[in-house]
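Reading through the structure tokens given below for one structure.
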Amino acid sequence: MLTTQLDTSLPSPPRWAVRAAHAAALVTLPSGIWRLLLAAGFTAGYTEAGYEAMGFTGWGAVYVVGLTVGGELLALLTLGLVRPWGEVLPRWVPFLGGRRPDPRAVTVAASLGAGVLTLVLTQFAFWWAFPHPDMTPLGSTIAGILYLPLVAWGPLLAAVTIAHHRRHRAAGL
């Protein structure tokens, strides 16, 4: 279905969902900045030997930058669940521009993403329970603090997804 206008029967997202979507987009920043420092050649808490062993140079740096940019872009997609550009995709989006995505498909994809993020990122809540011999003690503490916000990404995405689903169900979409 080709739609270029927003459906005005769709209720506005609740304020808490908008805030949660923004928070989900922001929780990836601390660890992302830290990874970019690693890719730029700063040891950022690693010992010299640990930094060398992790391979943050050459293709390793490209991987780290790609991981960071990809994570940030995925986190920003959460905003599409509460913003007009998520209801009708911008025209510049290849193949889908100007169309309204199927709300059920969006809900399923976002739910799966929330589940995977929760499963994968919960480990960072236990960062300090495991030794990190390749890092300095201060570096390990700082890295743990920078990665801790990622634990909230999955639950925040889940909450925003539920709000998105409820809005579309209320509108009969």
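Observations, loosely collected:
- Of the chymotrypsin sites (Phe, Trp or Tyr not before Pro) in the stretch 17-108, those whose Cβ has at most 16 other Cβ within 10 Å and which sit in DSSP loop: PHE42, TRP92, PHE95
- Alpha-carbon Rg/Rh ratio, for the chain, with Rh computed the Kirkwood way: 1.07
- Theoretical gain in end-to-end length, LEU74 to LEU26 [0.36 nm per residue, Cα-Cα removed]: 16.2 nm
- Measuring nothing but how far apart in sequence close Cα pairs (under 8 Å, 6+ apart) lie, relative to its length, the stretch 76-173 scores a relative contact order of 35 percent.
- Mean ellipticity per residue at 222 nm, deg cm²/dmol - from DSSP H runs of n ≥ 4 across the chain, formula -39500 (n - 2.57): -18500 deg cm²/dmol
- Segments 105-114, 153-162 sorted - mean Cβ within 10 Å per residue, highest first: 153-162, 105-114
- Taking a point 7 Å from the Cα of ILE33 along the Cα-to-Cβ direction, the residues of the stretch 64-80 with backbone N closer than 16 Å to it are 68-69, 72.
- Simple point charges give the picture: +1 on the Cβ of Lys and Arg, -1 on the Cβ of Asp and Glu, and for the stretch 1-148 a dipole about the Cα centre of about 620 debye.
- Put a dot 7 Å past the Cα of VAL120, heading toward its Cβ, do the same for ARG99, and the two dots end up 2.6 nm apart.
- In the context of the full set of protein chains, the stretch 1-139 has a per residue accessible area of 62 Å² (1.4 Å probe).
- Taking the accessible area of the chain, probe 1.4 Å, and keeping the other protein chains in place, the carbon and sulfur fraction comes to 72%.
- Calculated FRET efficiency for the pair SER9/GLU48, C-beta based, R₀ 45 Å, to 0.05: 0.15
- Label positions at TRP85 and SER111, each projected 7 Å from the Cα along the C-beta direction, are separated by 2.7 nm.
- The separation of the stretch 25-42 from the stretch 120-173, counted between C-alpha centres, amounts to 15 Å.
- The calculated P(r) of the stretch 1-83, using every Cα pair and 5 Å bins from 0, goes 3, 14, 17, 15, 12, 11, 9, 7, 5, 4, 2, 1 in percent.
- For the chain: relative contact order, % (alpha-carbon pairs under 8 angstrom, 6 or more apart): 38
- Extension gain for ALA40 to ARG169 (0.36 nm times residue separation, less C-alpha to C-alpha distance): 41.8 nm.
The values are calculated or read from the model by the stated rules, or taken from the named source; none is laboratory data. Just so it is clear, the model here is predicted, and its values are computed rather than measured. Heads up, the Cβs are rebuilt from the backbone with ideal geometry, glycines too, and the neighbour counts pull from every protein chain shown. Areas reflect the complete protein model, heavy atoms only, side chains present, ligands, DNA and RNA absent. Shrake-Rupley method; radii C 1.70, N 1.55, O 1.52, S 1.80 Å.
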